[in-house]
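> Next up is a structure, given as C-alpha cells.
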Amino acid sequence: MSSFTSKSIAYDREGPRGDPPIVLIHAGVADRGMWEPLWPTLSEERDVVRVDLRGFGDSGARPADPVSQANDVPEALSEVAAGRPLAVA
C-alpha cells in the first residue's frame, strides 16, 4: 500500500529503523516498482525508502509550475522522518 507526502509523492518505507536509510529513485521512464526484485532483500536488514517522482507511478501529476525533482526527494525524506540517507540509488 502506498504512502504519500503532502506534495502527493508516493513512497514505500520498510526495514529496521535506526541506521541512515537507503533511498531508491527510479529511472526516468519507470516508477518505484522497478526496485521490486531487490526490495525484499534490501529491506530485510536496512531501512529502505523508494519514491515515485512527481508525474510517475502513484505520485500526483506534475504541476504546471516548474518542479525540482532534486528538491522533492530531500523534502520527502524530511517529511517521512528518514533523515540523511546512507546512499541514494
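> Quick check, is Trp39 within 11 Å of the chain's Cα centre (by Cα) and at pLDDT 95 or above? Spell out how you get there, then give the answer.
Numbers: within 11 Å of the chain's Cα centre (by Cα): no; at pLDDT 95 or above: yes.
No; evaluated as a whole, the condition is false for this residue.
> Can you name every residue in segment 53-77 that is of a type in the set (Asp, Glu) and within 24 Å of Asp19 (Cβ to Cβ)? Steps first, please.
If we filter segment 53-77 for residues that are of a type in the set (Asp, Glu), which is where we start, we get 58, 65, 72, 75.
Asp72, Glu75, listed by residue number.
> Can you tell me which residue within segment 1-24, out of those that are among the aliphatic types (A, V, I, L, M) and farther than 12 Å from Ser59 by Cβ, is modelled with the lowest pLDDT?
Among them, the one singled out is Met1.
> In segment 34-79, how many are hydroxyl-bearing (Ser, Thr, Tyr) and under 14 Å from Ser8 (Cβ atoms)? I'd like the intermediate steps shown before the answer.
The first filter runs over segment 34-79 and keeps only residues hydroxyl-bearing (Ser, Thr, Tyr), leaving 41, 43, 59, 68, 78.
This time we only want the ones that are under 14 Å from Ser8 (Cβ atoms), so: 59.
Looking only at that region, the number is 1.
The values are calculated or read from the model by the stated rules, or taken from the named source; none is laboratory data. Nothing here was measured: the structure is a model prediction, and the numbers come from that model. A quick note on method: Cβ atoms are made from the backbone with ideal geometry, for glycine too, and the neighbour counts reach across all protein chains shown.
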